[in-house]
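The values are calculated or read from the model by the stated rules, or taken from the named source; none is laboratory data. Values in this document were obtained by computation on a predicted structure and should not be read as measured data. Please note: Cβ atoms are built from the backbone with ideal geometry, for glycine as well, and neighbour counts cover all protein chains shown. The accessibility values were calculated without ligands, DNA or RNA, using every heavy atom of the protein model including side chains. Shrake-Rupley method; radii C 1.70, N 1.55, O 1.52, S 1.80 Å.
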Amino acid sequence: MPILEVKNLNVSFKTIDGIVKAVNDVSFTVEQGEVLGIVGESGSGKSQTVLGIMGLLASNSIVSGSIKFLGQELIGVSTAALNKVRGNKLSIIFQDPMTSLNPYLTIKSQMTEVLTLHKGMSKRDALAESIRLLDFVRIPEAKERVGLYPHEFSGGMRQRVMIAMALLCRPELLIADEPTTALDVTVQAQILQILRDLQTEFKMSVVIITHDMGVVANICDRVNVMYAGRLLESGSIDNIFFDAKHPYTQALLNSIPSLDHQVEKLITIPGEPPNLMSLPQGCVFQGRCEKVHNDCCNGDIMVQEFADKRFMKCNLALGQG
């Protein structure tokens, strides 16, 4: 049984201007011990998908579908029931640790609180475990620095603290939402290495949300490609990077600068993403696709399945594009 099973997930938001359809009929699974990457441009629905999984959506949200974690349905359950799962078996690392860490409390206070609340540890044991995990994520002099406040750490160190906090209860699934975006290249590489080591050490499943295909290639086993709130293609790393089938996935890969070839102008995807309050009929990528066909603009776009749990949502798969 998959550790996480998302079926026909829809997330919309009520606004003054109308209903924003952020996630539309998204289905996927995460297997035990698997590292899944979810990629796409800004506004593609990546973060709203995982916030829906965590039950952390804004109050004006409308959610439908099914999200099963370890066989337990998460949509519609009480906050108390969610809190037994969140932080315990299901954890998340946010993009900006300064918005997640309490600036008025020491790292010691924030970490030990998790263990005393979820694991019933004594303060002494909770402190020892917190220091051990700070050591594991390579915080120098962790025993002395655990008593510091978040502003006394650099950006990379704060991200390491967030990773350590997410691991306090040994979660079965760790979600990392753009964990390296605000960091320089050297620190990015260090954070990715830590995540790889943690996944190996604790045998946990990981979902990484990113717009950086380099991050995906570095750490993931499988990739979901999202656009305008829809899942357009899914496959293994080799499938996506060496045999991408959907025109949007191909366009994303083509837009990555190459160190082997010098070009005067970087390749971009022309046009703009569709308005999420007024999505087009048919394929959501039709307005920017070089291979668009009449059939792409009318009715439902069929899902074509391949071997190894690979699929894409595109009429090209049916020879119609």
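Considering (1) closer than 20 Å to Leu252 by Cα; (2) open to solvent by 50 Å² or more (accessible area, probe 1.4 Å); (3) of a type in the set (A, V, I, L, M), the lone condition that Val284 does not fulfil carries the number (2). In the stretch 209-217, is there at least one residue being of a type outside the set (D, E, K, R) and modelled with pLDDT of 90 or more? The answer is yes; a qualifying residue exists.
Selection over the stretch 287-303 of residues that are more than 25 Å from the chain's Cα centre (by Cα), outside any loop (DSSP other than H, G, I, E, B) and without any contact (Cβ under 8 Å) to a residue 24 or more places away in the chain gives a count of 3. Under the condition of being among the small types (Gly, Ala, Ser), outside any loop (DSSP other than H, G, I, E, B) and crowded, with 16+ Cβ neighbours inside 10 Å, the residues counted in the stretch 144-189 number 4.
Can you find a residue in the stretch 190-197 that is of a type in the set (S, T, N, Q) and in a helix (DSSP H, G or I)? Explain how you work it out, then say what you get.
The first filter runs over the stretch 190-197 and keeps only residues of a type in the set (S, T, N, Q), leaving 190, 193.
Subsequent filtering for residues that are in a helix (DSSP H, G or I) retains 190, 193.
Checked the stretch 190-197: at least one residue is of a type in the set (S, T, N, Q) and in a helix (DSSP H, G or I).
Please work out which residue is modelled with the lowest pLDDT, limiting yourself to the stretch 218-254 and to residues that are among the charged types (D, E, K, R) and farther than 30 Å from Ser64 by Cβ. Show your work before the answer.
If we filter the stretch 218-254 for residues that are among the charged types (D, E, K, R), which is where we start, we get 221-222, 230, 233, 238, 243, 245.
Then drop every residue that is not farther than 30 Å from Ser64 by Cβ, which leaves 238, 243.
Values: Asp238: 93, Asp243: 90.
Per the stated criteria, the residue is Asp243.
I'd like to verify a number: residues in the stretch 295-309 that are under 13 Å from Gly235 (Cβ atoms) and surrounded by fewer than 13 Cβ atoms within 10 Å (Cβ to Cβ), how many? Counting residues in the stretch 295-309 that are under 13 Å from Gly235 (Cβ atoms) and surrounded by fewer than 13 Cβ atoms within 10 Å (Cβ to Cβ) gives 3. Taking the conditions (1) more than 27 Å from the chain's Cα centre (by Cα); (2) farther than 19 Å from Pro97 by Cβ in turn, Leu117 satisfies each one other than (1).
Just wondering, is there one or more residues in the stretch 313-320 that are part of a loop (DSSP other than H, G, I, E, B), over 23 Å from Glu5 (Cβ atoms), at pLDDT 80 or above and out of contact with any helix residue (DSSP H, G or I) (no Cβ under 6 Å at 6 or more places or on another chain)?
So in the stretch 313-320, the residues part of a loop (DSSP other than H, G, I, E, B) come out as 314, 319-320.
Those still in the list that are over 23 Å from Glu5 (Cβ atoms) too: 314, 319-320.
From what is left, the residues that are at pLDDT 80 or above are 314.
Add one more test, that the residue is out of contact with any helix residue (DSSP H, G or I) (no Cβ under 6 Å at 6 or more places or on another chain), and what stays is 314.
Yes; the residues of the stretch 313-320 include at least one that is part of a loop (DSSP other than H, G, I, E, B), over 23 Å from Glu5 (Cβ atoms), at pLDDT 80 or above and out of contact with any helix residue (DSSP H, G or I) (no Cβ under 6 Å at 6 or more places or on another chain).
Looking only at residues of the stretch 270-281 that are touching a helix residue (DSSP H, G or I) at 6+ places or on another chain (Cβ under 7 Å) and at negative phi, we find that the one that is surrounded by the fewest Cβ atoms within 10 Å (Cβ to Cβ) is Pro270.
Given the criteria open to solvent by less than 90 Å² (accessible area, probe 1.4 Å), in a loop (DSSP other than H, G, I, E, B) and farther than 18 Å from Asp25 by Cα, does Ile267 qualify? In short, no. Filtering the stretch 1-27 to residues that are more than 26 Å from Ser91 (Cβ to Cβ), of a type in the set (A, V, I, L, M) and either open to solvent by 50 Å² or more (accessible area, probe 1.4 Å) or free of Cβ contacts under 8 Å to residues at least 12 places away in the same chain (or both) leaves Ile16, Ile19.
Of the residues Pro273, Pro257, Pro280, which is under 26 Å from Ser64 (Cα atoms) and either under 24 Å from the mean Cα position of the chain (by Cα) or part of a helix (DSSP H, G or I) (or both)? Steps first, answer last, please.
Details: Pro257 fails: under 26 Å from Ser64 (Cα atoms); Pro280 fails: either under 24 Å from the mean Cα position of the chain (by Cα) or part of a helix (DSSP H, G or I) (or both).
Pro273 is the lone residue from the list that is under 26 Å from Ser64 (Cα atoms) and either under 24 Å from the mean Cα position of the chain (by Cα) or part of a helix (DSSP H, G or I) (or both).
Of all residues in the stretch 107-143, which are farther than 30 Å from Asp184 by Cα, in a helix (DSSP H, G or I) and open to solvent by 40 Å² or more (accessible area, probe 1.4 Å)? Reasoning before the result, please.
Narrowing the stretch 107-143 to residues farther than 30 Å from Asp184 by Cα: 113, 115-128.
Those still in the list that are in a helix (DSSP H, G or I) too: 113, 115-118, 123-128.
Result: Glu113, Thr116, Leu117, His118, Lys123, Arg124, Asp125, Leu127, Ala128.
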